[in-house]
Every structure is written in C-alpha cells, then in structure tokens.
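Single-structure report; data block below.
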Amino acid sequence: MEFKQLQSFVAVVKYKSFSKAAEKLYISQPTISTHIRQLEEELNVRLIIRTTKSIEITPKGQELYEYAAHILELKERMIQNCSTETQKIIHLGASTIPSAYILPEVLPEFGKRYPDIYFVIHQSDSQGIVDGLLDGIYNIGLIGMKPDRDDLTCIPFCQDHMIIITPVNEYFLELKERKELPLDELLKEPIILREKGSGSKKSIDTFFEKIGINEDQLHIAARINDQEAIKNLVAGGLGISIVSERSALNFIKEKRLLAFDLPDHFSHRNLYLVYRSDFIMRNYIKDFANFIKKHYSTHS
C-alpha cells in the first residue's frame, strides 16, 4: 500500500468523482482507477461501486476513507514539522474584526521586532476560520467567537465592545439625549444583521436571547457580512445595526453615525486566538501568539 494510492482513494471519495479527483491531483483518470483497483486487490474488499452515472462508497470503503484521511493528514503535518524551512511563514486566518482592526494595530510593531517572519493572511468569518484550522489550511486564527470544540484551543486576548449604530437625524438625536437607553424604540426600527458564521452575529444572537427577543419580532432590512457596507447603509438611512465599536469608530468621529451603548453585561465579547489542540507550534508562531497576548494585556 502506497501513499499515492491512498491519496487517489481519498480524492475520489471527497469529490465523488474519478475525473474530478484526477483533475485535483494532476494525474490521469486511468491512474486513479489503477490505484483504487490495487487497493481493493491488496485489501481483498470492494471499496467503491462505480456506475455510469455515479459512484457509491461501500461501508468498508467509508471505514478505509477515515483511516486514509487521517494517515495523509499525519504525513503532511510530519513533513511540515520535520522539514527545514528556509523562511518563517505563518498562515494566519482572521475573521472580519481581527483582520480589519486588530492586525493593522499589531503587525507593524511585530514586523519591526521580528523582520524575518512573514504572513499569509486569509480573511473569512469566524466559522470559516474554524473550518480552515480544522482542515489544516491555517496555523493559527483570530476570531470573534469561541467554538464549542475540544480539538481547538481558544485563548481570549482582548475584549471587543458591541454598540448599536443609527443614522444621524432628528429622531435618533432626540433618542440620544435620553438618560436611559431607548432599547424598545430602537429595536422597532429596520435592522441590518450579519450572516450566520460571524462572531458578531453570535454575540447579537446571545444579546437578543437574553432580552427575550426573537428575530421574527424584528424588521430585518438586510443581512450583510461586509462591515463597510453595513456602515454605509445605516448612514444612508436603511436601518440600524449592532456592530463592533472598532468597526464604526471612524464613521462616529466623522458624525456620519450615532452610537448607542448596550448595557455593560451585553456589550462586551472576547476575541480569541485559536489553533488546533494537537498542533505542534513552531517557535516563531509561538512568538507571534505571545506578542498578541502581551500587546493587549498591556493596552487593555
């Protein structure tokens, strides 16, 4: 049994297609078929039932797939961790708020202190970063929610402040003058929400749950994952939104948006540094993780 045979088998199961597997592995389709046949002959078991229209994975084939995927993952991690690197490169996944507002704060200073460390930065929502970590695409991630998974290590490194933003007009300026937060009036307005998968959306869902509000009771004007689009739409009068204060600070300073503070016990959420619990972290990645934690412990 050879690694290339397992690679072909895993690709066929993953893509449910011999031709797609061949395309992804940059080998011919007959070679894929040969690898599968060799595995079946060696194991003396049928792994894949192939018809003219589809393929079906047998129970033994599914069992082998789980073993093979794990073996190939271990092989890849062994190569990465045991090979001598000529460059120190961190594959960093960052969700919306960390990528737009945390990294610009810390990377210039980190780069001055560690000029030989480089980054490949991938931006997605928090769930996308979690998926990328589990798939081995990123070494480490910065996200806005704590995933409920034992195979990930999550370390809070700073707090984010959530606020309600509204357009600037006479009605909202009058509400702003009140001593107490006019939450009932604000939540009667059209509201722009993030899509599921973002850390901000999870915080908003928790907030609504704690105050006894169901989304069905809200007038949802739009669901958008782009922070700049949300700010512009709110400033243009489409509705209100609940966002990270970091993301809206420039619009607030320019008086293009009004900000209403949520009650303290609802307004704060942690941002997390996250990595696979079984990840063997290289020293230069540890340097970055420690730098992030120290930076925000001294600036909090």
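The values are calculated or read from the model by the stated rules, or taken from the named source; none is laboratory data. Quick caveat: nothing in here was measured; it's all calculated off a predicted structure. Cβ sites come from the backbone with ideal geometry, for glycine too, and all protein chains shown count toward neighbours. Calculation scope for accessible area: heavy atoms of the full protein, side chains included, ligands and nucleic acids excluded. Shrake-Rupley method; radii C 1.70, N 1.55, O 1.52, S 1.80 Å.
For the reader, a short list of remarks on this structure follows.
- Those residues of the stretch 121-135 which are free of Cβ contacts under 8 Å to residues at least 60 places away in the same chain and either part of a helix (DSSP H, G or I) or of a type outside the set (G, A, S) (or both), in sequence order: I121, H122, Q123, D131, G132, D135
- When Y138, Y101, Y118, Y67 are checked against the criterion of being out of contact with any Pro (no Cβ under 6 Å at 6 or more places or on another chain), free of Cβ contacts under 8 Å to residues at least 24 places away in the same chain and of a type in the set (F, W, Y), Y67 stands alone in meeting it.
- If you go through the stretch 13-43 and keep only what is more than 17 Å from E73 (Cβ to Cβ) and aliphatic (A, V, I, L, M), you end up with A21, A22, I27, I32, I36, L39, L43.
- Answer residue from the stretch 21-43, given it is out of contact with any helix residue (DSSP H, G or I) (no Cβ under 8 Å at 6 or more places or on another chain) and under 23 Å from D135 (Cβ atoms) and is modelled with the lowest pLDDT among those: Y26
- Figure legend. Inter-residue proximity from the stretch 31-43: first residues of a type outside the set (S, T, Y), second residues open to solvent by 40 Å² or more (accessible area, probe 1.4 Å) and part of a helix (DSSP H, G or I), beta-carbon distance below 9 Å, spacing 6+ or different chains. Indicated pairs: I32/S19; I32/L25; H35/K4; H35/Q7; L43/K60.
- For the stretch 17-69, the tally of residues that are hydrophobic (A, V, I, L, M, F, W, C), under 13 Å from K4 (Cα atoms) and not in a helix (DSSP H, G or I) stands at 1.
- Condition check for E76: in contact with a His (Cβ under 9 Å, 6 or more places away or on another chain) and of a type outside the set (S, T, Y): no
- Answer from D131, D125, D135 - the residue that is over 10 Å from the mean Cα position of the chain (by Cα) and among the charged types (D, E, K, R): D135
- Scan of the stretch 201-216 for residues that are surrounded by 11 or more Cβ atoms within 10 Å (Cβ to Cβ) and not in a loop (DSSP other than H, G, I, E, B), ordered by number: K201, K202, S203, I204, D205, T206, F207, F208, K210, E215
- Criterion (within 22 Å of the chain's Cα centre (by Cα) and among the charged types (D, E, K, R)) met by exactly one of E254, E245: E245
- Only a single criterion out of (1) without any contact (Cβ under 8 Å) to a residue 40 or more places away in the chain; (2) more than 11 Å from the chain's Cα centre (by Cα); (3) surrounded by 15 or more Cβ atoms within 10 Å (Cβ to Cβ); (4) not in a strand (DSSP E or B) is not satisfied by P108, namely (3).
- Counted residues, the stretch 196-207 - those being of a type in the set (A, V, I, L, M) and within 13 Å of the chain's Cα centre (by Cα): 0
- Hits in the stretch 14-47 - residues which are within 16 Å of E66 (Cβ to Cβ) and either crowded, with 20+ Cβ neighbours inside 10 Å or of a type in the set (S, T, N, Q) (or both): L39, L47
- Test for G93: is it open to solvent by less than 70 Å² (accessible area, probe 1.4 Å), in a helix (DSSP H, G or I) and either within 24 Å of D131 (Cα to Cα) or modelled with pLDDT under 90 (or both): no
- 1 or more residues within 17 Å of the chain's Cα centre (by Cα) and surrounded by fewer than 17 Cβ atoms within 10 Å (Cβ to Cβ): qualifying strands (runs of 3 or more DSSP E) within the stretch 139-195: 152-166
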